[in-house]
Amino acid sequence: MKKCLMLLFLSLLMVIGVYANTDEVKSVMEGESVTLHTDDVKQTDDLILWSYEPENTFIARFTGKTNRSKLSDDERFRGRVRLDNKTGDLTITNITTQHTGDYKLEINRNNEFSNKKFSVTVYARLPVPDISRYSPHCSSSLSSFSNCVLLCSVMNVRDVSLSWYKGNSLLSIISVSNLKTTASLHLEVDYQENNTYRCVLNNTNTNQTQHLNINEVCQTCSDSLKLRPMRNGFIFVVIIYSIFAGFYIHKSKESLMTPTQEHLMSKQMELVQMGEEKYVQCNTF
């Protein structure tokens with residue numbers, strides 16, 4: 001118990017240490033905009049400077065004496081930054097995870113300096129998980145008529161967890177810390193049951209859910225298995241019909257032959273047989 005309390009206390013100290021010198025904390029989703037406010041009445045001669053730490057990258061500057069502003073040409077901020085000339089507030093549009101970090105505001109008013117720090121965390125927008133049948137081919141085994149193996153998958157994610165739920169009960173979960181091309185989680189269900197299943201992808205800030213439609217994902221395989229005997233029977237009937245049709249056509253051609261054609265046909269057969277006999281006699285020598 002004492003060890004747990006000590007660990008909790010140390011964790012709190014770390015959090016306090018991170019934000020001890022931070023005046024404001026912002027959290028925003030990727031693709032949205034965030035505005036950092038000066039919370040000060042701008043004076044005529046103020047010099048306002050915004051920078052991104054720890055590299056101390058220049059973002060924006062406003063010079064009150066000339067009433068002019070200059071924006072960053074840095075690749076991360078180019079075309080994304082707006083500076084309010086009336087308030088000095090900084091807005092970053094279409095923000096990405098690359099903009100996560102600490103921002104510093106410096107104000108020079110008649111050679112009196114003041115500063116303010118902001119901590120901005122940008123969370124990646126999560127994709128919706130995809131649910132599919134794990135085996136692309138149907139099996140003729142009896143178990144395949146009732147069981148369906150599912151695969152819930154997502155692409156290009158990190159620092160997330162992927163879970164299967166049956167109603168409100170957690171069935172399985174995996175955590176993904178490093179960037180993966182594909183993260184997936186299996187589940188086997190009975191396609192005839194009426195329970196509600198869902199696959200959930202979440203991080204510390206948001207989540208995305210995909211609900212299972214058993215009729216769409218699993219029923220296709222079972223239906224094809226049920227129709228297989230009918231399909232095979234149809235093929236068998238077609239083959240038998242083709243054989244009888246060919247035999248009938250052959251007999252019909254024979255019945256239509258004239259006596260002269262029959263005589264010529266018999267002569268041809270005799271010549272063929274004589275040729276074969278001579279060939280056999282030559283080979284014996």
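Every number here is computed from the coordinates shown, using simple stated rules; none is lab data. Here the structure is a predicted model, which is why all the values come from computation and not from measurement. Heads up, the Cβs are rebuilt from the backbone with ideal geometry, glycines too, and the neighbour counts pull from every protein chain shown.
When the convex hull of the C-alpha atoms of segment 89-212 is computed, what volume per residue in Å³ does it have?
131 Å³
Based on alpha-carbon atoms only, what is the radius of gyration of segment 17-77 relative to the globular estimate 2.2 N^0.38 Å?
For segment 17-77, the normalised Cα radius of gyration is 1.32.
Within a Cβ distance under 15 Å of residue 63, other residues only, what is the Lys/Arg minus Asp/Glu net charge? Walk me through the numbers on the way to the answer.
Working: positive: 42, 61, 65, 68, 70, 86, 109; negative: 45, 46, 84, 106.
Here the count lands on +3.
Out of all DSSP beta bridges in segment 27-169, what portion is antiparallel? Express it as a percent rounded to 5. Present the calculation step by step, with values, prior to reporting the outcome.
On the way: 37 of 40 bridges.
Looking only at bridges with both residues in segment 27-169, the antiparallel portion is about 90 percent.
For segment 19-83, state which GluC sites (Glu not before Pro) are in a DSSP loop and have at most 11 other beta carbons lying within 10 Å of their beta carbon. If you can, show how the numbers build up before the last one.
Details: sites: 24, 30, 32, 55, 75; in loops: 30, 32, 55, 75.
Here the GluC sites (Glu not before Pro) that fit, given the DSSP loop and packing criteria, are 55, 75.
Given the convex hull over the Cα atoms of segment 166-209, what projected area results after averaging over all orientations, in nm²?
Working: hull surface 16.0 nm².
Answer in nm², one decimal: 4.0.
Between residue 205 and residue 132, what's the calculated FRET efficiency when r is the beta-carbon distance and R0 is 25 Å? Round to 0.05. Before the final figure, lay out each step's value.
On the way: r = 27 Å, r/R0 = 1.08.
Efficiency computed from Cβ-Cβ geometry: 0.40.
Counting other Cβ atoms within 10 Å, keep those with at most 10, restrict to DSSP loop, and tell me which trypsin sites (Lys or Arg not before Pro) in segment 31-110 are left. Don't jump to the answer; show the numbers that get you there.
On the way: sites: 42, 61, 65, 68, 70, 76, 78, 80, 82, 86, 104, 109; in loops: 42, 65, 76, 78, 80, 86.
For trypsin sites (Lys or Arg not before Pro) across segment 31-110 that sit outside H, G, I, E and B with at most 10 neighbouring Cβ atoms in 10 Å, the list reads 65, 78, 86.
With each pseudo-label sitting 7 Å past Cα toward Cβ, what's the residue 102-residue 196 distance in nm, one decimal?
Going from the residue 102 label point to the residue 196 one covers 4.6 nm.
Along Cα→Cβ, 7 Å out, is where each label goes; now give me the distance between the ones at residue 43 and residue 243 in nm to one decimal.
Distance between the two pseudo-spin positions: 10.6 nm.
Select from segment 38-141 those chymotrypsin sites (Phe, Trp or Tyr not before Pro) which occupy a DSSP coil region and have at most 15 other Cβ atoms within 10 Å, ordered by residue number. Mind showing how you got there, number by number?
On the way: sites: 50, 52, 58, 62, 77, 103, 113, 118, 123, 134; in loops: 77, 134.
Of the chymotrypsin sites (Phe, Trp or Tyr not before Pro), the ones in loops of segment 38-141 whose Cβ has at most 15 other Cβ atoms within 10 Å are 134.
Mind checking the log10 I(q)/I(0) for segment 30-123 at q = 0.12, 0.13, 0.22 Å⁻¹? Debye, one equal scatterer per Cα, no solvent, two decimals.
So the normalised log intensities work out to -0.34, -0.40, -1.12.
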